[in-house]
Amino acid sequence: MDLKSLRVEMRGPIAVVTLSRPDRRNAIDEATVEEIGRFFEKPPEGTKVIVLTGEGPHFCAGLDLEEHARLGRTPVEFMRMCQRWHWAFDQMQFGGTPVIGALQGAVVGGGLEIAAACHSRVADETTFFALPEGQRAIFTGGGATVRVGRIIGAGRMVDMMLAARTYDAKRGLDLGLCHEIVPPGRSLERALEIAEAAAKHAPLSNYAMVTAISRINDMSTTDGLFAESLMAGIVQSGPEVAAGLAEFLEKRAKRLETR
């Protein structure tokens, strides 16, 4: 796969994907969106977990406003571009491979939209979150109203944008924008530890976690319970179940630990 805006490194079954436009604070242009979509749609063979990070001091500063101003898109053209963002980030969230985000510095605008599509997010202490679209006379278009709104709540998202709030890592943790905070420069290291743990899970179990839970959350209670039982029936009859149960029953399974 010919990639210019992403850098990919395989570490065994873990693919480390780096947003690589540091001169633009890893801002997302049209080419980057296409590369994200194509990569996550079909990761390298043997990939069990993906870690997503950004090159330099910032994860991602959002939409490339320089390209946006230069292209002067019509409303229809911009709507279609937004739909490409939705497609690309859907490949992350619903592609079936766990995605761990390693965050630092700016996680802003479209950067927060791409982070929200990750299944687990580790932020270092330099991380800050913002949706500054209102200050730029634009509106979110990469899925924030769905993904970020469902994390922090629609009312809080409206307030976040109206009041031009910027949340530090601690506040982001409180709101669910990240799941863990580590010292500066350590987010990638910790994300890799999580990825290594996830890579040991049965692939079908991981697939169920990252494709079913978000969808079930969109359903009614009755439909959600039915979908859960259906997915459980498929996973619980998978080929790895017997080995996992034997390990537990023979007391060879690792004890649960607080993390």
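The values are calculated or read from the model by the stated rules, or taken from the named source; none is laboratory data. Predicted model, so just to flag it, every value in this text is computed and none were measured. Neighbour counts are summed over all protein chains in view; Cβ atoms, including those assigned to glycine, are modelled from backbone coordinates with ideal geometry.
Points to keep in mind about this one:
- Of the strands (runs of 3 or more DSSP E) contained entirely in the stretch 119-204, those carrying at least 2 residues that are in contact (Cβ under 8 Å) with a residue 24 or more places away in the chain and not aromatic (Phe, Trp, Tyr) fall at 120-124, 166-168, 180-182.
- For the criterion of being in contact with a Gly (Cβ under 6 Å, 6 or more places away or on another chain), polar (S, T, N, Q) and at pLDDT 95 or above, Thr222 fails.
- Some residue of the stretch 8-18 being assigned by TED's automatic domain parsing to the domain that holds Cys178, hydroxyl-bearing (Ser, Thr, Tyr), within 28 Å of Phe128 (Cβ to Cβ) and not in a loop (DSSP other than H, G, I, E, B): yes
To keep it simple, each residue is scored yes or no on (1) surrounded by 14 or more Cβ atoms within 10 Å (Cβ to Cβ); (2) of a type in the set (Asp, Glu); (3) part of a helix (DSSP H, G or I).
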{"residue": "Glu34", "(1), (2), (3)": "yes, yes, yes"}
{"residue": "Ile50", "(1), (2), (3)": "yes, no, no"}
{"residue": "Arg80", "(1), (2), (3)": "no, no, yes"}
{"residue": "His86", "(1), (2), (3)": "yes, no, yes"}
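- When Val235 is tested against (1) crowded, with 16+ Cβ neighbours inside 10 Å; (2) more than 17 Å from the chain's Cα centre (by Cα); (3) in a loop (DSSP other than H, G, I, E, B), only condition (3) is not met.
Each row is one residue, and each column tells you yes or no for (1) over 18 Å from Leu112 (Cβ atoms); (2) aliphatic (A, V, I, L, M); (3) free of Cβ contacts under 8 Å to residues at least 40 places away in the same chain.
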{"site": "Ser20", "(1), (2), (3)": "yes, no, yes"}
{"site": "Val49", "(1), (2), (3)": "yes, yes, no"}
{"site": "Asp64", "(1), (2), (3)": "no, no, no"}
{"site": "Arg70", "(1), (2), (3)": "yes, no, yes"}
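- Only one of the numbered conditions (1) in a loop (DSSP other than H, G, I, E, B); (2) within 20 Å of Ala208 (Cα to Cα) is not met by Phe40, and that is (1).
- Residue match in the stretch 144-154 (condition: surrounded by fewer than 18 Cβ atoms within 10 Å (Cβ to Cβ), outside the structural domain of Arg215 (by TED's automatic domain parsing) and either within 21 Å of Ala27 (Cβ to Cβ) or touching a Cys at 6+ places or on another chain (Cβ under 7 Å) (or both)): yes
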